[in-house]
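Every number here is computed from the coordinates shown, using simple stated rules; none is lab data. Computed from a predicted structure; not experimentally measured. Cβ placement follows ideal geometry from the backbone for every residue including glycine, while neighbour counts extend to all protein chains displayed.
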Amino acid sequence: MCDAILKAGERLDDLERCGLKIIQNPEKFCFGMDAVLLSGFAVVKECEIAIDLGTGTGILPILLSAKTRGQHFTGLEIQPESADMARRSVEYNKLSERIRIVEGDIRQAVSLFGASVFDVVTTNPPYMPYGHGLANPDMPKAIARHEIKCTLEDVVQASAKLLKPGGRFYMVHRPFRLTEIIQVLTKYRLEPKRIKFVHPYSDKEPSMVLFECTRGGKPMVKVEAPLIIYTKSGVYSPEIRDIYGY
């Protein structure tokens with residue numbers, strides 16, 4: 001069955017959780033630790049419906065279907081090849097009743113799904129502003145890492161419109177854009193409630209930051225204890241091992 005669902009250059013990777021697997025093409029783009037950490041940070045409650053914006057090959061909806069009791073998950077992805085891999089992964093894992101993959105543009109999300117319809121929005125958006133740093137010459141990777149198809153503001157604006165009042169928004173991003181991120185979140189009334197910095201080692205500066213925001217929430221934020229990735233070179237911390245399910 002594995003060979004039948006794979007196309008040229010693709011592989012089937014074991015997610016080491018509930019027997020789940022995901023189709024990826026290493027020549028295009030593979031999910032990273034940031035997506036896994038977001039899946040451990042996000043909360044989707046029983047009977048809630050969630051959407052992942054820029055889902056790539058569907059890693060967040062697939063992991064959240066195992067880690068939470070959420071009723072249904074949608075993944076929105078603009079790149080046809082990634083959306084196709086995500087659909088086939090959903091089918092392979094027999095999750096079609098809980099996960100739907102839609103090919104489309106984040107900037108058109110409200111016209112695709114309607115306003116105020118989701119309890120939760122998750123996103124692992126491109127981190128780098130377009131023109132900042134060296135863009136990957138391979139377009140699928142460049143789109144995933146640089147704001148070519150959408151900006152931070154596009155993602156936040158769409159999320160605010162898609163969420164029900166009181167709905168929750170979860171995002172992983174880079175600390176160097178922290179000031180801009182908070183300004184954009186509050187502009188669209190996504191009030192930060194939890195912020196968690198992720199450090200490679202306890203004595204190193206953070207490399208990632210996780211956000212939980214509430215649509216229309218009152219100003220009050222909790223900065224949680226930092227998440228440390230490694231206790232020493234090559235050795236994951238207990239919290240990271242728990243998130244990965246080791």
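Have a look at the DSSP beta bridges in the chain and tell me what percent are antiparallel, nearest 5.
In the chain, approximately 45 percent of DSSP beta bridges are antiparallel ones.
Residues whose amide H falls under 5 Å from that of Gly75, counting only those 5 or more places apart or on a different chain, are Asp52, Arg100, Ile101, Val102, with hydrogens built in the peptide plane. Residues in the stretch 45-53 carry Karplus couplings, in order, of 7, 4, 6, 7, 10, 10, 10, 10, 8 Hz; the curve used is 6.51 cos²θ - 1.76 cosθ + 1.60 with θ = phi - 60°, and Gly or Pro positions show x.
When only alpha carbons are used to place a centre, the stretch 86-113 and the stretch 149-189 end up 21 Å from one another. Ordering Leu210, Leu63 from the fewest to the most neighbouring beta carbons within 10 Å gives Leu210, Leu63.
For trypsin sites (Lys or Arg not before Pro), the sites in the stretch 188-240 that DSSP calls loop and that have at most 11 other Cβ atoms within 10 Å are Lys204.
Counting Lys and Arg as +1 and Asp and Glu as -1, what is the net charge of the other residues whose Cβ lies under 10 Å from the Cβ of Pro26?
Result for the neighbourhood of Pro26: -1.
Counted by neighbouring Cβ atoms within 10 Å, the residues Val120, Val223, Val184 run from fewest to most as Val223, Val184, Val120. Its Cα centre serving as origin, the chain has a Cβ charge dipole (Lys and Arg +1, Asp and Glu -1) of approximately 640 debye.
Neighbour counts of other Cβ atoms within 10 Å put Tyr246, Tyr170, Tyr236 in the fewest-to-most order Tyr246, Tyr236, Tyr170. Amide H contacts of Ser207 (H built 1.01 Å from N, in plane; Pro and chain starts excluded): Val198, His199 sit under 5 Å, all sequence-distant by 5 or more or on other chains. Sequentially through the stretch 120-125, phi angles give Karplus couplings (6.51, -1.76, 1.60; θ = phi - 60°) of 9, 10, 10, 7, 10, x Hz, Gly and Pro residues having no value and appearing as x. Counted without the sites themselves, the longest stretch of the chain free of GluC sites (Glu not before Pro) in a DSSP loop having at most 16 other beta carbon atoms within 10 Å is 98-223. Scalar couplings 3J(HN,Hα) for the stretch 81-91, obtained by applying the Karplus form with A = 6.51, B = -1.76, C = 1.60 to θ = phi - 60°, are 5, 5, 4, 5, 4, 4, 4, 5, 5, 4, 5 Hz; x denotes Gly and Pro.
Beta bridges assigned by DSSP with both partners in the stretch 1-137 are antiparallel in approximately 25 percent of cases. Each Cα pair under 8 Å and six or more residues apart adds its separation to the average, and for the chain the resulting relative contact order is 16 percent.
In the chain, helices alone account for a calculated mean residue ellipticity at 222 nm of -8500 deg cm²/dmol, with every DSSP H run of four or more residues adding -39,500 (n - 2.57).
Exceedance of the 28 Å cut-off in Cα-Cα distance is limited, within the set Lys187/Lys232; Lys164/Lys193; Lys149/Lys232; Lys149/Lys222, to Lys187/Lys232; Lys149/Lys232; Lys149/Lys222. Non-local lysine pairs in the stretch 1-98, meaning eight or more places apart or on different chains, with alpha-carbon distances under 18 Å, amount to 6.
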